[in-house]
Amino acid sequence: MNIHEYQAKQVFKEYKIPVLDGVMVTSVDEVDAAIKKLDTKLWVVKAQIHAGGRGKAGGVKLAKTADEVKQLTQEILGMTLVTHQTGPEGKEVQRVYIESGCNIKSEYYIACVVDRASSSVSFMGSSEGGMDIEEVAEKTPEKIVTSKVDPAVGLTAFQARDLAFDMGFEGKAAIKASSVFMKLYQMFIEKDAEMIEVNPLVETAEGDVMVLDAKVSFDSNALYRHPDMMELRDITEEDPAEVEAQKYDLAFIKLDGNIGCLVNGAGLAMSTMDIIKLHGENPANFLDVGGGANKEKVTEAFKIILQDPSVKAILVNIFGGIMKCDIIAEGVVAASKELGLKVPLVVRLAGTNVEKGKEILANSGLDITPATNLQDAAEKVVAAVKGAK
């Protein structure tokens, strides 16, 4: 689960991580009150979306007067911000963060992430703050330093100081930076984070070390332990279909293809997507209905697939174990009749109650193409899509 920058900084304050004062607004009418709360002569007006690259896309602006703050807030609110992380469709800005400015001396990059290769949490740091880390990695990889944290020990003070020095901090600023790293790690572990990225982390002309921007995401599987973090969720920033799927405990991820997939079991779902790709087309989604789904759950899953206008055909691939094939068949028929099935549908059933499931589909009155195995199913659904082009 991702959160906005202003929310991340609220959490940072709990851990005494140094951030600048700021106020989030959702309308121009709130700007005057926000300005009064900020004791500054320089403001930064920032679009709040769940994506990086906001500055390059025009979503972060400096203002030197209160009138400029109002003007920029009005310009940014409601704009569609397109960055390298939003995709070409972009994201509409519904919140703006007005923050105090500061005297920047140097900019750095720091991120705390899960390193699956070493089964540890790792820090990535660079003296090239304010830039896309991908660009730094491509052009000057020697300017990125990493530090792996032993999970049994945690981040030690000397390790944090070494990281600060390796990044280019000096003197008292290095000590302050290492303190920030220690607090970031504490937050990462205690909040079950997946990533904390600060870009830039700055040293000011006064010698302070401050967090100017932040991207934070949490492990969704651990959110039951953090109801306070759940309150920060902004579903307007998420794919509506994925939000709807979560209501029914469906594992659903929207993809860019044109063949909808309804499968039970994550491994079988991955195999189904692979074989579609092997035959020359692309899956429109990952959808695992799980092993214990009922008719209603399957019906809702099918509805979610049919509501995607990019779907040109649907492949249902079920191996009945705990999940019974007749339950799947009933859900598919119910959803198809309710929404009106207008795309080719290929169904492969195997396992528990398979004959009963096939009978339900055959007697449904719907135009359903049966498949004997996964290879046959992939060939038929891909042929259906190509025939429709």
Could you list, in sequence order, the residues of region 145-175 that are in contact (Cβ under 8 Å) with a residue 60 or more places away in the chain and not aromatic (Phe, Trp, Tyr)?
GLY168
Pick from region 120-165, criterion in contact with a Pro (Cβ under 6 Å, 6 or more places away or on another chain) and assigned to a loop (DSSP other than H, G, I, E, B), ranking: surrounded by the fewest Cβ atoms within 10 Å (Cβ to Cβ)
GLY130
If I ask for residues that are within 13 Å of LEU278 (Cα to Cα) and surrounded by 15 or more Cβ atoms within 10 Å (Cβ to Cβ), which ones from region 368-378 would you list?
LEU374, ALA377, ALA378
Picking from GLY87, GLY22, GLY101, GLY52, the residue that is of a type in the set (Gly, Ala, Ser), under 25 Å from the mean Cα position of the chain (by Cα) and under 24 Å from ALA205 (Cβ atoms) would be GLY22
Would you pick out the residues in region 273-311 that are among the hydrophobic types (A, V, I, L, M, F, W, C) and either in a helix (DSSP H, G or I) or on the phi > 0 side of the Ramachandran plot (or both)?
MET273, ILE275, ILE276, LEU278, VAL298, ALA301, PHE302, ILE304, ILE305, LEU306
Has region 71-89 got at least one residue that is touching a helix residue (DSSP H, G or I) at 6+ places or on another chain (Cβ under 6 Å), modelled with pLDDT of 95 or more and among the hydrophobic types (A, V, I, L, M, F, W, C)?
no
Test: residue in region 243-256 that is out of contact with any Ser or Thr (no Cβ under 8 Å at 6 or more places or on another chain), at pLDDT below 85 and not in a helix (DSSP H, G or I):
yes
Which residues, taken from region 1-54, are of a type in the set (Asp, Glu) and in a strand (DSSP E or B)?
none
Condition (residue is out of contact with any Cys (no Cβ under 9 Å at 6 or more places or on another chain) and at pLDDT 95 or above) applied to region 134-144: is it met by at least one residue?
no
Collect the residues in region 346-375 that are in a loop (DSSP other than H, G, I, E, B) and either of a type outside the set (Val, Ile, Thr) or farther than 17 Å from GLY265 by Cβ (or both), keeping them in residue-number order.
ASN353, ASN363, SER364, GLY365, LEU366, ASP367, THR372, ASN373
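The values are calculated or read from the model by the stated rules, or taken from the named source; none is laboratory data. Small disclaimer: the values here were computed from a predicted structure and weren't measured. Glycine also receives a Cβ, built like all others from the backbone with ideal geometry; neighbour counts cover every protein chain displayed.
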